[in-house]
1. I'm checking my understanding of the structure. Among residues of the range 63-99 that are outside any helix (DSSP H, G or I) and either surrounded by 11 or more Cβ atoms within 10 Å (Cβ to Cβ) or among the aromatic types (Phe, Trp, Tyr) (or both), which one is nearest to the chain's Cα centre (by Cα)?
2. Can you spot a residue in the range 33-55 that is without any contact (Cβ under 8 Å) to a residue 24 or more places away in the chain, surrounded by 15 or more Cβ atoms within 10 Å (Cβ to Cβ) and within 17 Å of the chain's Cα centre (by Cα)?
3. Check off (1) modelled with pLDDT of 90 or more; (2) in contact with a helix residue (DSSP H, G or I) (Cβ under 6 Å, 6 or more places away or on another chain) for ALA50 and give me the number that stays unchecked.
4. Of the numbered conditions (1) in contact with a Lys or Arg (Cβ under 7 Å, 6 or more places away or on another chain); (2) more than 27 Å from GLY18 (Cβ to Cβ), LEU81 satisfies every one except a single condition; which is it?
5. Quick one: what pairs do we get from the range 76-103, first residue β-branched (Val, Ile, Thr), second assigned to a helix (DSSP H, G or I) and surrounded by 15 or more Cβ atoms within 10 Å (Cβ to Cβ), C-beta under 7 Å, 6+ apart or different chains?
6. For the subset of the range 15-62 comprising residues that are not hydrophobic (A, V, I, L, M, F, W, C) and not in a helix (DSSP H, G or I), which member is nearest to GLY91 (Cα to Cα)?
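The values are calculated or read from the model by the stated rules, or taken from the named source; none is laboratory data. This one's a predicted model, so the numbers in the text were calculated from it and none came from an experiment. All Cβ positions, glycine included, derive from the backbone under ideal geometry; neighbour counts span all protein chains shown.
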Amino acid sequence: MALRYQQTRVQQRLIQAGDALAQWATNPWRRLSLSLIVLLGAFGVGGGLATITGALAYFDQLSALVCVLALEMAARCRPLLLRRPRHQRLGLQLLDMARIGLLYGLLLDGFKLQ
């Protein structure tokens, strides 16, 4: 018998916030702007992470491992999000934009160091 966890207020509020965001993003321009914000935010995080760890030269391997693990976890979450109906795939689009932005930020900083 599988254990069923009770719904806490935090979980309910997170579900409500996700539903409200999905409802807000039904407009194509809002969806595009939200995707662009996530892409640029992840690009900034990737570039900043690579710059800081490259300047310190202390946690290069560890930060590379963390980034690879984050990208792999996002890739493994993708099939779960693909099972949703086509009109409920905002999470998938945002996850893909975050992956692309993080990877581009890391690659751009890697080319700057060469």
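1. Here the residue is ARG89.
2. Looking through the range 33-55, none of the residues is without any contact (Cβ under 8 Å) to a residue 24 or more places away in the chain, surrounded by 15 or more Cβ atoms within 10 Å (Cβ to Cβ) and within 17 Å of the chain's Cα centre (by Cα).
3. (1)
4. Only one criterion in (1) in contact with a Lys or Arg (Cβ under 7 Å, 6 or more places away or on another chain); (2) more than 27 Å from GLY18 (Cβ to Cβ) is unmet by LEU81, namely (2).
5. Every condition considered, the pairs that remain are ILE100/LEU39.
6. Looking at the filtered set, the residue picked out is THR26.
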